[in-house]
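The values are calculated or read from the model by the stated rules, or taken from the named source; none is laboratory data. Here the structure is a predicted model, which is why all the values come from computation and not from measurement. For neighbour counting, all protein chains shown are included, and Cβ atoms are generated from backbone atoms with ideal geometry for every residue, glycine included.
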Amino acid sequence: MTTETQGKTREFIEQAERFGAHNYHPLEVVLTRGEGCFVWDVEGTRYFDMLSAYSAVNQGHCHPKIVKALVDQSRVLALTSRAFHNDRMGDMLEKIATLTGFESVLPMNTGAEGVETAIKAIRRWGYRKKGIPANEAEIIVALGNFHGRTTTIVGFSDDPDSYSDFGPFPPGFKQVPYGDVDALAAAITDKTAGVIIEPIQGEAGVNIPPAGYLAGVQKVCKENNVVFCLDEIQTGLGRTGKLFAWQHDCERPDMIILGKALSGGLYPVSAIAADDAIMSVFDPGSHGSTYGGNPVAAAVAIAALDVLVDEDLCNRALEMGKHVKARFDAELTTANLKETRVRGLMIAVEYQTGVAHDAAVALQAKGVLAKDTHSTSIRFAPPLVITKAQMDEALDIIIPTLNEF
């Protein structure tokens, strides 16, 4: 990189730091273009994208079929609000309902909005269907969770970086250890309306629970008439080698939350899906969003889901994950390695010491973009369209670099 091109990168970064709030600490790279599993910076350097915008870009950057749907729909009708019907939303709702196996879908925009929608649905179901006294409903969550950034959601996080100095927080949430069915069962009372957990905790460092955990939680919820809700925003839509991560371990839950890859990374689209017994608690005026279910979002989501199915990206992620795990097991030799965790293309390498950020910086210098989490773990989540040859090319960089730490 020349002094001139370094100056261009520095100029963009300084502009963002001058006019933007400092609520992120990104790697010092300025991206300008993406295609498939690759991105390019403003200097023209190509990188493997091993984060996929936290699994929003499962279908690869700028997938032509999704881009075409976005452009074509934007030219004819972009937004109507929910004050009127539009001719695209119904197709999107039917497609999501068919793929998930649920009777009803409620569209929103961001993942955090999806979680807030699930909280409202669970609480109202608790009052109207289960008979919990007004304003006393409880929802059980897991320690180590990450469900979003609203004040309600960070209020039930145990990560100080998420919640410090943002209180007071709404009551009504109980935290239990992740992976411990007995602890969850002991926390349930007559006022428990629901349980919201991630099938795999992504922000916690790809924390994969013990086999049978989700099935155990599901059993406890059924026995106690409690809504079992899974946050599949990061794990859903092919990331773990199944369409949904719950398919590795349990039967269909009572509700799921979707986002991120629901749009292939091109437009904010989220949704909750449940059967009518739960979703019927909403009536006109009780919940909504100006942009939720807009024609562009619907067109993009339909195309994104079609790409997942037509290109068989779930099975590709499953097979590629096995390949990555085999290479890690054979070639990661650093004495500082604690463990690797792989489920499909949701991957983490955990060190015994806090060197993960340094490892991420070293990978960037060699053409691979990944993200550290909680100082000891580095996370990899390439677009599901990555080929075996491309993956091996990336691993030929990743493995020796990780062994340096």
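Filtered by the rule that a residue be surrounded by 13 or more Cβ atoms within 10 Å (Cβ to Cβ) and over 25 Å from the mean Cα position of the chain (by Cα), segment 318-337 gives R327, E331, L332, T334, N336, L337.
Determine, yes or no, whether A261 is modelled with pLDDT of 95 or more and not in a helix (DSSP H, G or I). It is false that A261 is modelled with pLDDT of 95 or more and not in a helix (DSSP H, G or I).
Among the listed residues G148, G144, identify the single one that is within 16 Å of Q201 (Cβ to Cβ) and in contact with a Gly (Cβ under 7 Å, 6 or more places away or on another chain). So that I can check it myself, show each step before the final result.
Numbers: G144 fails: in contact with a Gly (Cβ under 7 Å, 6 or more places away or on another chain).
Unique residue meeting the criteria: G148.
Working only within segment 246-295, note down all residues that are of a type in the set (S, T, Y), closer than 30 Å to Q73 by Cα and surrounded by fewer than 17 Cβ atoms within 10 Å (Cβ to Cβ).
Within segment 246-295, the first condition is being of a type in the set (S, T, Y), and the residues that meet it are 263, 267, 270, 280, 286, 289-291.
Next cut, closer than 30 Å to Q73 by Cα only: 263, 267, 270, 286, 289-291.
Result: S286, T290.
Pairing each residue of segment 86-105 that is in the same structural domain as A69 (by TED's automatic domain parsing) and within 22 Å of R252 (Cα to Cα) with any residue that is basic (K, R) and modelled with pLDDT of 95 or more, provided the two are 6+ apart or on different chains, yields C-beta distances under 6 Å for G101/R252. Beta carbons closer than 7 Å, at least 6 apart along the sequence or on distinct chains, pair a first residue in segment 285-299 that is farther than 17 Å from G111 by Cβ with a second that is surrounded by fewer than 19 Cβ atoms within 10 Å (Cβ to Cβ) and among the basic types (K, R) for G288/R82.
Is at least one residue of segment 28-37 hydrophobic (A, V, I, L, M, F, W, C) and touching a Leu at 6+ places or on another chain (Cβ under 6 Å)?
Pass one, segment 28-37, residues hydrophobic (A, V, I, L, M, F, W, C): 29-31, 37.
Of the ones still in play, those that are also touching a Leu at 6+ places or on another chain (Cβ under 6 Å) are none.
There is no residue in segment 28-37 that is hydrophobic (A, V, I, L, M, F, W, C) and touching a Leu at 6+ places or on another chain (Cβ under 6 Å).
On inspection, S55 passes the criterion of being hydroxyl-bearing (S, T, Y), under 19 Å from the mean Cα position of the chain (by Cα) and within 20 Å of L305 (Cβ to Cβ).
Looking for something at positive phi, under 12 Å from the mean Cα position of the chain (by Cα) and part of a loop (DSSP other than H, G, I, E, B) - is there at least one such residue anywhere in segment 203-210? Before you say what the answer is, go through the steps one by one.
Our first condition is that a residue be at positive phi; within segment 203-210, this holds for 205-206.
Checking which are under 12 Å from the mean Cα position of the chain (by Cα) leaves us with 206.
Checking the rest, the ones that are also part of a loop (DSSP other than H, G, I, E, B) come to 206.
Yes, because at least one residue in segment 203-210 is at positive phi, under 12 Å from the mean Cα position of the chain (by Cα) and part of a loop (DSSP other than H, G, I, E, B).
Would it be correct to say that V176 is of a type in the set (V, I, T) and within 19 Å of the chain's Cα centre (by Cα)?
Working: of a type in the set (V, I, T): yes; within 19 Å of the chain's Cα centre (by Cα): no.
No; evaluated as a whole, the condition is false for this residue.
Remark: pairs (first residue in segment 353-375, closer than 16 Å to H25 by Cα and modelled with pLDDT under 95; second residue surrounded by 16 or more Cβ atoms within 10 Å (Cβ to Cβ) and polar (S, T, N, Q); Cβ separation under 7 Å; 6+ apart in sequence or on different chains) are absent.
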